[in-house]
1. If you take every DSSP beta bridge whose two residues both sit in the chain, what share of them, in percent to the nearest 5, is antiparallel?
2. Between beta-carbons, use under 11 Å as the cut-off and find the net charge around TYR197, counting Lys and Arg +1, Asp and Glu -1.
3. Is segment 153-299 rounded, prolate or oblate when judged by the Cα gyration tensor, a ≥ b ≥ c being the square roots of its eigenvalues, rounded requiring a/c under 1.5 and prolate requiring a/b larger than b/c?
4. For the charge dipole of the chain, defined by +1 on Lys and Arg C-beta atoms and -1 on Asp and Glu C-beta atoms about the Cα centroid, which residue among PRO131, ILE15, ALA77 has the Cα displaced farthest towards the positive pole?
5. How many angstrom lie between the Cα centre of segment 38-58 and the Cα centre of segment 98-151?
6. Quick one: dipole size for segment 282-350, taken about the Cα centre, charges +1 on Lys/Arg Cβ and -1 on Asp/Glu Cβ, in debye to the nearest 20.
7. Cα-based Rg (one decimal) and Dmax (whole number) for the chain, in Å?
8. What number, in percent, do you get for the relative contact order of the chain if the mean sequence gap of Cα pairs under 8 Å and at least 6 apart is divided by its residue count?
Amino acid sequence: MEPLKIGDLILKKPIFQGGMGIGVSLSGLAGAVAKEGGAGTISAAQIGFREEDFDENPLQANLRAMGKELKKARAAAPGGVLGFNIMAAMRHYKEYVIQAVKLGADFIVSGAGLPAELSALTGRHPIKLAPIVSTEKSARVILQYWAKKYSRVPDFIVIEGPKAGGHLGFTKEQLEGLNGDSYKAEIRRMIEKIRQYEEQFKKKIPVVLGGGISSRELSSQAFALGADAVQAASKFVVTKECDAAEAYKKAYIDAKKEDIILVKSPVGMPGRAVRNRFTEHVMHGGNIPPKKCRRCLKKCNPAAIPYCITESLIRAVKGDTENGLIFCGADAYKSDRIETVAEVINGLLP
């Protein structure tokens, strides 16, 4: 595979490791991916959950942890490409974006809502910006908005398909109606729209395709559709370098196809996760009142939500895999052993 250029950034291998919060993709995983020549992505979502003052001052704890994690990842991968995934749905989105810029991150990938103001927050700083889109409509909206308001286009775009893990950019009805062929046509429409803006702005906009990238065959299909790089996430969970607890990784390995399900998230989007005691409880109408609000989302009424997304994800990543939320991709059940990051990358790229 040829190196991928994103402006002045050069990826030796055209693969992005998807951002996974809370605490799944931190410096350990992101640094290892960057060391192998891919793009390592640190999830900024409640990244400071291990800081002593997290419960009392989550914003400052998170901003501090962003610096710690990026520094450790840089030490593991000198000269590697490293950035942050920052959800548009996060409260204090502006502060997290500005912190990523101050820390010298190479890129910001932003989804869970369209990051309309991301360009305004970073100004003329050379950090590379990438919205996450899932449909031709969302790609068209963000391209039109940035072009009209900021006279610019994204530095690259991440397309996440319906087989992705975590929060999904589709309604439940859309997910039930999508199949491989119909979504391939949607991908082609998105890429065609992106190429139109490339021509208008005389600037290459690399397309990174993710969502169910779990084999070399699927990566090859992505490149054949016109993608410039692929994004994988679930495959990187079951690696020695992943920052999640060993019990979290084992939940992937033990999962069967029927254990991969859709759940309703307090974020307001459907999410894909591993079936366990927690998901059974909330899917049957059970509520788990938050112990404390850490103010993670812009739009969240703690009294009205079925469970706290922060608390449920933290329980899981620390190893309580029956009482926490284990996000995963549709093909997570295909993993049957722990690998190294190098093995995963070599197994995915043609």
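We did not get these values from a lab; they are worked out from the coordinates using the rules stated. Bear in mind that the values here come from a model prediction, so they are computed numbers and not experimental data. Don't worry about glycine lacking a Cβ; one is built from the backbone with ideal geometry, like all the others, and counts go over all protein chains shown.
1. Antiparallel bridges: around 30 percent, rounded to the nearest 5.
2. Details: positive: ARG140, ARG152, LYS193, ARG195, LYS202, LYS203, LYS204; negative: GLU192, GLU198, GLU199.
After counting each charged neighbour, the total is +4.
3. Values: a/c = 1.90, a/b = 1.63, b/c = 1.16.
It comes out prolate by the Cα gyration axes.
4. So the residue we want is PRO131.
5. Segment 38-58 and segment 98-151 have Cα centres separated by 21 Å.
6. On the way: 10 positive and 7 negative charges, 129 e Å.
Dipole of segment 282-350, to the nearest 20 debye: 620 debye.
7. When restricted to Cα atoms, the chain yields Rg and Dmax of 18.6, 53 Å.
8. 18 percent
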